[in-house]
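*Asks:* Handing you this structure, nothing more for now.
The values are calculated or read from the model by the stated rules, or taken from the named source; none is laboratory data. Quantities reported herein were computed from a predicted structural model and do not represent experimental measurements. In this analysis, Cβ positions are derived from the backbone assuming ideal geometry, glycine residues included, and neighbour counts consider all displayed protein chains. What goes into the accessible areas is simple: the full protein's heavy atoms, side chains included, and nothing from ligands, DNA or RNA. Shrake-Rupley method; radii C 1.70, N 1.55, O 1.52, S 1.80 Å.
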4 protein chains.
Amino acid sequence: MNTIGKIFTFTGFGESHGAAIGGVIDGMPAGVKIDLDRVQRELDRRRPGQSAITTARKESDTVEILSGLFEGVTTGCPIGFIIRNENQHSSDYGQLREAFRPSHADYTYTTKYGLRDHRGGGRSSARETATRVVAGAFARQALEQMGIIIMAYTSQVGAIAIGKPYSDLDLSLTESNAVRCPDQAKAAEMEALIMKVKSEGDTIGGIVSCVISGVPAGVGDPVFGRLGARLSEAMMSINASKGFEYGMGFEGVGLRGSEVMDPFTLDDDGNIGVSANHSGGIQGGISNGADIYFRVAFKPVATLMQDIMTVDCHGREVLLKARGRHDPCVVPRAVPIVEAMAAIVILDAVLLNRAARL
Amino acid sequence: MNTIGKIFTFTGFGESHGAAIGGVIDGMPAGVKIDLDRVQRELDRRRPGQSAITTARKESDTVEILSGLFEGVTTGCPIGFIIRNENQHSSDYGQLREAFRPSHADYTYTTKYGLRDHRGGGRSSARETATRVVAGAFARQALEQMGIIIMAYTSQVGAIAIGKPYSDLDLSLTESNAVRCPDQAKAAEMEALIMKVKSEGDTIGGIVSCVISGVPAGVGDPVFGRLGARLSEAMMSINASKGFEYGMGFEGVGLRGSEVMDPFTLDDDGNIGVSANHSGGIQGGISNGADIYFRVAFKPVATLMQDIMTVDCHGREVLLKARGRHDPCVVPRAVPIVEAMAAIVILDAVLLNRAARL
Amino acid sequence: MNTIGKIFTFTGFGESHGAAIGGVIDGMPAGVKIDLDRVQRELDRRRPGQSAITTARKESDTVEILSGLFEGVTTGCPIGFIIRNENQHSSDYGQLREAFRPSHADYTYTTKYGLRDHRGGGRSSARETATRVVAGAFARQALEQMGIIIMAYTSQVGAIAIGKPYSDLDLSLTESNAVRCPDQAKAAEMEALIMKVKSEGDTIGGIVSCVISGVPAGVGDPVFGRLGARLSEAMMSINASKGFEYGMGFEGVGLRGSEVMDPFTLDDDGNIGVSANHSGGIQGGISNGADIYFRVAFKPVATLMQDIMTVDCHGREVLLKARGRHDPCVVPRAVPIVEAMAAIVILDAVLLNRAARL
Amino acid sequence: MNTIGKIFTFTGFGESHGAAIGGVIDGMPAGVKIDLDRVQRELDRRRPGQSAITTARKESDTVEILSGLFEGVTTGCPIGFIIRNENQHSSDYGQLREAFRPSHADYTYTTKYGLRDHRGGGRSSARETATRVVAGAFARQALEQMGIIIMAYTSQVGAIAIGKPYSDLDLSLTESNAVRCPDQAKAAEMEALIMKVKSEGDTIGGIVSCVISGVPAGVGDPVFGRLGARLSEAMMSINASKGFEYGMGFEGVGLRGSEVMDPFTLDDDGNIGVSANHSGGIQGGISNGADIYFRVAFKPVATLMQDIMTVDCHGREVLLKARGRHDPCVVPRAVPIVEAMAAIVILDAVLLNRAARL
């Protein structure tokens, strides 16, 4: 299952060590003006090798759009695209050919498919997320033309958390540091922690927070198409994610109903709003016009720069030598992926909503 | 969107104040022996009015199976069923006809559909979850015949948490108390808290934990069909859920990769296992044969026994009088719903997995 | 797979000899005023026992709507409904329990599912089409409120064909005779033929033609969502259908491109139309504003009032005694089913089309 | 909607005048050995410019596989591929920019999307069918490894029909002539007719017949997943198709039930077969083990080498000058497309069938 979405859909393909990765964006409404430089800039935000705290692996990750655009505008036809793979050290996979790395997908893929492309993890490699960023970049531009803005940021690395709601932050600062944290002081702490962890050959987890503003009330579906459920599915489909919460989230379980009520308000023109937003902008699965906000937990990934004992496909114990070039913390590069997946979900929901009434 | 699943699917219908709720279970494999008493018992676990800590509203919630069974065995045909609604106090909805209850779906439904059945919340009412329990009860029986067991329990109410991993608990005790907590001492504390909250006309949140054992390695799909993503979507589609995490979850963000590795082990027969399970039984989106476990956060619901100021559909401020009969804590009755949704997801994934290889 | 449609969907259930048949209509736009008497009247058109040329079996086929309507208007919630089965002669199935009737689904179902409910054919019985008629009756009322009208009629029985295009017929006469043929003289011939075939214990095939007017230009999708493809799938899912054609259909293969061109025209207001309609209202998979018309071939069904040699599930030859009460020609009762399936397809396509542009 | 299939799916993209066409094959079972030369050979069968009776336009149509294969075997990962467009005469589209060609998709696309890429018809161009042939070539190789063989051929061009059932033909001769007709004498007549029609600047229609052997009994689903319905949808999604029939098809409407019965037979080992095959290998939507056969009608396409009056997007009448290089008869090149679409449908159904029983 490499497709997500109902009427605005994205179907991806590609492994880290094949010729290219890419995908098809389908159901893109016609008439959206697309800035291809912005698409590439989103990819650049996800690209490996962009700063000292990410993997040293370098790929230019240049997207080539193959269809669906005419004179800079979407035509309603599917948008096919590819990103060529460049950086393939495929010469030396000796150990990885047979050994199962702990907490990786080597064993589960082999069990499922009966065979495995050992060069880089196949579809379990985070490389495929580059294609999601492309799809998300198209969705975002459509959404922005409807007044919907999506902004994610790093809110926690290890035990270092911003500790403030998004409304107390200046999210325009997110891109001002390598860790993508809008709180500059915390960003410095996080960056220092990541460098320390990296120097130890270890990894660390963190949290990405995301805010979506401008979604009109009425988007999302009851029961199985709830906005929270669809966002959750999309976020939990990102590599290394282990948890999702929106609105008050897990913190809310310790509170009373009387504390978390979001009272309705009326402005002078009689427009309905809310004076609090514990609901996270979603009530009964449907947007209420307030900001939608959610958080995604990312684990410390299991690729260490340390030798490790494990087993291989012949049922033998083997010592796996430290190797590879990986991110000590995936969170900074996950920020654009979270935004992309959010854009894909929201555009689909906005389009579906057009069928709600006669 | 009232359908969930890809090849094993459930499609539900029904509002709390119509003639009946019900649904269609499709893609049920033929040849599954069904114990209908067990289906009804699952429904009884979700039923309102079952104990002092749940709503006083009473419904017998008797399921009538209309198709798809022959001589006690599934035939491969879709299973249609209904549950008649009995307890409809439809006489007096005066205020609810026009007022929007805060943190409910009244406003979002009206905005989406342009009109609203004010009698009980329509599809946003938790009543529809009874139909999910029926579908889940069928899926569970199929799964059990494959050796897959699903067990959920209340692990936290308000600030009272079990504080132990599931492996230190005797899950057979879950049904021994009204709160569905296998730790009897904690259960008593939780129950007391719920009674206190109830006496104050307030509500409280909590957490349901769930363990799935016996899923063979290889179930689930890479990328958009990851088991974690599909479970997350299913859980976040349950009313009042605000968060989902599996394996190490949010707690993992503060840890190092070296701390959360799940080393592979070999038993005497050369079978591969893991000696730790931070992954929660899922690696690269695919089961690894270890227990799958996850947690779902439920908010304190917004239906209080207190008068409250709000607005109505004419843009007027109104005082909403306390009324209704609702659960002070939805968590105990959410336990069978979590199990049902897990069963629906896992059976679908198990069946899909049969197409993984030539 | 008992669901059809993408955003307006119908999911059916039920066998001829269970408690009830029924289904769930999902994605119905809110705000459609529904005349339930018309829903029942559509069912009555499909009902067995309605005239001398149909089966003698009698069922009242009364639909009970269980959800999704409030004060006579659709709410956007799914519409669940059931039709109780009444006429179950389940006492005597002795031979059918084991014998495979030729050209029926007894053998294929048994092979697929490993078992079979021998009482009446399970889902292969045409009884389930009653539920499609209900779903179609809802879709039709939505479509009519958009100005889209669907009219089917019997255009051929055996070798007796109307032999005129629909534009030369008065389709308001379709219901004036039992055979549902708007050409009264031909209708009489067809009826006589059916009675003759019936008296011989035999069956005969025929063709249903269908015209859809009022579909605006622009509905339908390129490539896999072509209107012709979706209508074809829907029609070929009706029991006993063996062929589908639209526009010039099979007849067009013998013609030249220069003969079948549909020239565009301009009216005084500059509106574009066509002066011929070989395309059948669909070009490149998308409606062009002209009438959509198509034809569906139905075979003579294999249920004869004659003894017949066949085999049973033990691999023995057996003589199957003539029995049952079946239609000598399914075409007259297929007319409302064709209309219903067309309505389901067209409403879905119309709603999907709302997402075509920014 | 550019995706077809349920668990084995194909998603295509690309216009005739963009950089490339291509697609993603998903749900391909792991472990299928793929002969890439055969994939290319299938493409060559569809390629323009292959003989005197096809368009003079020449494209090498070389497929580049980008993912999903490892050491010549499918890995279970999605297979992405592209085919670069070479032959783009994009200099001169003056008239086509604004004029609507009769019986083409120019007008319907413009109405639907509000704009149109006038260079070659966008997705309505038959060029996209090349990507289906690639997907079908993968599906075929999987099917062949299960013993399932698909063979299509030209059975009629204009009024020249083979007039024999497929069982009286030697289908290995299909590729021996340019028209792809296994009856050599008829092939010569057909070829002469096509050349004559071409010389007149006109076009002609025809019929492709297809036979699928080796499908075991039990494949396909009741009701909406009937094999006949799914094949029909797939065939009617091919450009220029106007009709579909299987088994006795339209001819059956004139027959009696007693004439078209397919009696079951028993061989010496007690295996069940049929001694006639009016059903076309499908009963109740499910394969019965006999050959599946069907026919697809293709219209004479509307691209003539003649000047023609039409209208443009400004509501003006214009004279459209003859131009372009098109096939006088699409049928010979449709043969590999029909086979490809059949392979996609059948592989999906075979894989789905694995979930039919516990």
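*Asks:* Given C:Val219, C:Val253, C:Val301, which one is closer than 24 Å to C:Asp202 by Cα and aliphatic (A, V, I, L, M)?
*Replies:* Values: C:Val219 fails: closer than 24 Å to C:Asp202 by Cα; C:Val253 fails: closer than 24 Å to C:Asp202 by Cα.
After applying the criteria, what remains is C:Val301.
*Asks:* Let me ask something else about it. What do you reckon, is A:Glu191 over 19 Å from the mean Cα position of the chain (by Cα) and at pLDDT 95 or above?
*Replies:* Taking the combined requirement at face value, the residue satisfies it.
*Asks:* Among the residues of segment B:29-61, which ones are open to solvent by 10 Å² or more (accessible area, probe 1.4 Å) and modelled with pLDDT of 95 or more?
*Replies:* Passing the criteria: B:Gly31, B:Lys33, B:Ile34, B:Asp35, B:Leu36, B:Asp37, B:Arg38, B:Gln40, B:Arg41, B:Glu42.
*Asks:* Kindly establish whether C:Lys33 is within 13 Å of chain D (Cβ to nearest Cβ) and touching a residue at least 60 places away in the same chain (Cβ under 8 Å).
*Replies:* The answer is no for C:Lys33.
*Asks:* Turning to a different aspect of this structure: Select, from C:Ala152, C:Ala187, C:Ala142, C:Ala137, the only residue that is farther than 30 Å from C:Val350 by Cβ and small (Gly, Ala, Ser). Explain how you work it out, then say what you get.
*Replies:* Numbers: C:Ala152 fails: farther than 30 Å from C:Val350 by Cβ; C:Ala142 fails: farther than 30 Å from C:Val350 by Cβ; C:Ala137 fails: farther than 30 Å from C:Val350 by Cβ.
One residue alone meets the criteria, C:Ala187.
*Asks:* In segment C:227-257, what residues are facing chain D (nearest Cβ under 7 Å) and in a strand (DSSP E or B)?
*Replies:* Passing the criteria: C:Lys242, C:Gly243, C:Phe244, C:Glu245, C:Tyr246, C:Arg256.
*Asks:* Next question. Hey, can you tell me all the residues within segment A:243-253 that are of a type outside the set (Phe, Trp, Tyr) and in contact with a Phe, Trp or Tyr (Cβ under 6 Å, 6 or more places away or on another chain)?
*Replies:* A:Gly243, the sole residue that qualifies.
*Asks:* Looking at segment C:107-157, which of its residues are farther than 30 Å from C:Ala30 by Cα, of a type in the set (S, T, N, Q) and more than 12 Å from chain B (Cβ to nearest Cβ)?
*Replies:* At the first step, the residues of segment C:107-157 found to be farther than 30 Å from C:Ala30 by Cα are C:107-126, C:153-157.
Imposing the further condition that a residue be of a type in the set (S, T, N, Q) reduces the set to C:108, C:110-111, C:124-125, C:154-156.
If the condition is that a residue be farther than 30 Å from C:Ala30 by Cα, of a type in the set (S, T, N, Q) and more than 12 Å from chain B (Cβ to nearest Cβ), then C:Thr154, C:Ser155, C:Gln156 are the ones that fit.
*Asks:* Right, something else. With the condition kept exactly as written, say whether any residue in segment A:80-100 is in a loop (DSSP other than H, G, I, E, B), more than 14 Å from chain B (Cβ to nearest Cβ) and modelled with pLDDT of 95 or more.
*Replies:* There is no residue in segment A:80-100 that is in a loop (DSSP other than H, G, I, E, B), more than 14 Å from chain B (Cβ to nearest Cβ) and modelled with pLDDT of 95 or more.
*Asks:* Look through B:Glu42, B:Glu15, B:Glu71, B:Glu59 and report the one residue that is within 11 Å of chain C (Cβ to nearest Cβ), among the acidic types (Asp, Glu) and over 27 Å from C:Ala105 (Cβ atoms).
*Replies:* On inspection, the qualifying residue turns out to be B:Glu15.
*Asks:* Okay, next question. Go over the candidates B:Val296, B:Val179 one by one and state the one that is part of a strand (DSSP E or B) and within 28 Å of A:Ser258 (Cα to Cα).
*Replies:* So the residue among B:Val296, B:Val179 that is part of a strand (DSSP E or B) and within 28 Å of A:Ser258 (Cα to Cα) is B:Val296.
*Asks:* With the requirement that a residue be in contact with a helix residue (DSSP H, G or I) (Cβ under 7 Å, 6 or more places away or on another chain), under 22 Å from A:Pro78 (Cα atoms) and open to solvent by less than 10 Å² (accessible area, probe 1.4 Å), what does segment C:337-355 give you?
*Replies:* C:Ala349, C:Leu351
*Asks:* Could you please find all residues in segment D:164-188 being closer than 20 Å to D:Arg47 by Cα and either among the hydroxyl-bearing types (Ser, Thr, Tyr) or at pLDDT below 95 (or both)?
*Replies:* D:Thr174, D:Ser176
*Asks:* If you don't mind, there's one more thing I want to ask. Take segment B:212-226 and flag every residue that is more than 7 Å from chain A (Cβ to nearest Cβ) and open to solvent by less than 10 Å² (accessible area, probe 1.4 Å).
*Replies:* B:Ile212, B:Val215, B:Val219, B:Gly220
*Asks:* Please enumerate the residues belonging to segment B:182-201 that are under 21 Å from B:Pro300 (Cα atoms), of a type in the set (Gly, Ala, Ser) and either in a helix (DSSP H, G or I) or without any contact (Cβ under 8 Å) to a residue 24 or more places away in the chain (or both).
*Replies:* Passing the criteria: B:Ala187, B:Ala188, B:Ala192, B:Ser199.
*Asks:* Report yes if D:Val331 is closer than 24 Å to D:Ile150 by Cα, under 23 Å from the mean Cα position of the chain (by Cα) and at the interface with chain C (Cβ under 9 Å from one of its Cβ atoms), otherwise no. It would help to see each step written out before you state the result.
*Replies:* Numbers: closer than 24 Å to D:Ile150 by Cα: yes; under 23 Å from the mean Cα position of the chain (by Cα): yes; at the interface with chain C (Cβ under 9 Å from one of its Cβ atoms): yes.
Taking the combined requirement at face value, the residue satisfies it.
*Asks:* Which numbered condition in (1) at pLDDT 95 or above; (2) out of contact with any helix residue (DSSP H, G or I) (no Cβ under 8 Å at 6 or more places or on another chain); (3) open to solvent by 20 Å² or more (accessible area, probe 1.4 Å) is the only one that D:Ser279 fails?
*Replies:* Result: D:Ser279 fails condition (3) only.
*Asks:* Tally time: how many residues in segment C:126-159 are part of a strand (DSSP E or B) and buried (at least 23 other Cβ atoms within 10 Å of the Cβ)?
*Replies:* Keep residues of segment C:126-159 that are part of a strand (DSSP E or B), which gives C:149-157.
Within this subset, residues satisfying the condition of being buried (at least 23 other Cβ atoms within 10 Å of the Cβ) are C:150, C:152-157.
Selection size over segment C:126-159: 7.
*Asks:* For D:Gly76, are the conditions met, namely being touching a Phe, Trp or Tyr at 6+ places or on another chain (Cβ under 6 Å) and assigned to a loop (DSSP other than H, G, I, E, B)?
*Replies:* Details: touching a Phe, Trp or Tyr at 6+ places or on another chain (Cβ under 6 Å): yes; assigned to a loop (DSSP other than H, G, I, E, B): yes.
Taking the combined requirement at face value, the residue satisfies it.
*Asks:* Could we say that D:Thr55 is of a type in the set (S, T, N, Q) and in a helix (DSSP H, G or I) here?
*Replies:* Details: of a type in the set (S, T, N, Q): yes; in a helix (DSSP H, G or I): no.
In short, no.
*Asks:* Return yes or no: is C:Ile194 more than 19 Å from C:Leu43 (Cβ to Cβ) and touching a strand residue (DSSP E or B) at 6+ places or on another chain (Cβ under 8 Å)?
*Replies:* yes
*Asks:* When you go through (1) facing another protein chain (nearest Cβ under 7 Å); (2) surrounded by 21 or more Cβ atoms within 10 Å (Cβ to Cβ) one by one for C:Leu358, which number turns out not to apply?
*Replies:* If we test C:Leu358 against (1) facing another protein chain (nearest Cβ under 7 Å); (2) surrounded by 21 or more Cβ atoms within 10 Å (Cβ to Cβ), just (2) comes out false.
*Asks:* Would segment B:232-242 turn up any residue that is open to solvent by less than 10 Å² (accessible area, probe 1.4 Å) and farther than 30 Å from B:His326 by Cα?
*Replies:* The answer is no; no qualifying residue exists.
*Asks:* Scan segment B:188-208 for residues that are more than 8 Å from every other protein chain (Cβ to nearest Cβ) and crowded, with 24+ Cβ neighbours inside 10 Å and jot them down.
*Replies:* Answer for segment B:188-208, where residues must be more than 8 Å from every other protein chain (Cβ to nearest Cβ) and crowded, with 24+ Cβ neighbours inside 10 Å: B:Met190, B:Ile194, B:Val208.
*Asks:* To continue, here is another question. What is the residue count in segment A:224-280 for residues that are over 24 Å from the mean Cα position of the chain (by Cα) and closer than 24 Å to B:Ala99 by Cα?
*Replies:* So the count comes out to 21.
*Asks:* Among the residues of segment D:258-287, write down those that are without any contact (Cβ under 8 Å) to a residue 24 or more places away in the chain, more than 7 Å from chain C (Cβ to nearest Cβ) and not in a loop (DSSP other than H, G, I, E, B).
*Replies:* Listed by number, the residues that qualify are D:Glu259, D:Thr265, D:Gly273, D:Val274.
*Asks:* Within segment B:58-73, count every residue that is acidic (Asp, Glu) and in a strand (DSSP E or B).
*Replies:* 1
*Asks:* Limited to segment D:299-336, what total is found for residues that are more than 30 Å from C:Ile272 (Cα to Cα) and either open to solvent by 20 Å² or more (accessible area, probe 1.4 Å) or β-branched (Val, Ile, Thr) (or both)?
*Replies:* Taking segment D:299-336 first, the residues more than 30 Å from C:Ile272 (Cα to Cα) are D:331-336.
If we keep only those that are either open to solvent by 20 Å² or more (accessible area, probe 1.4 Å) or β-branched (Val, Ile, Thr) (or both) as well, we get D:331, D:333, D:335.
Adding up the residues that qualify gives 3.
*Asks:* Next question. Of the residues in segment C:105-119, how many are surrounded by fewer than 23 Cβ atoms within 10 Å (Cβ to Cβ) and assigned to a loop (DSSP other than H, G, I, E, B)?
*Replies:* Summing the residues that are surrounded by fewer than 23 Cβ atoms within 10 Å (Cβ to Cβ) and assigned to a loop (DSSP other than H, G, I, E, B) in segment C:105-119 gives 4.
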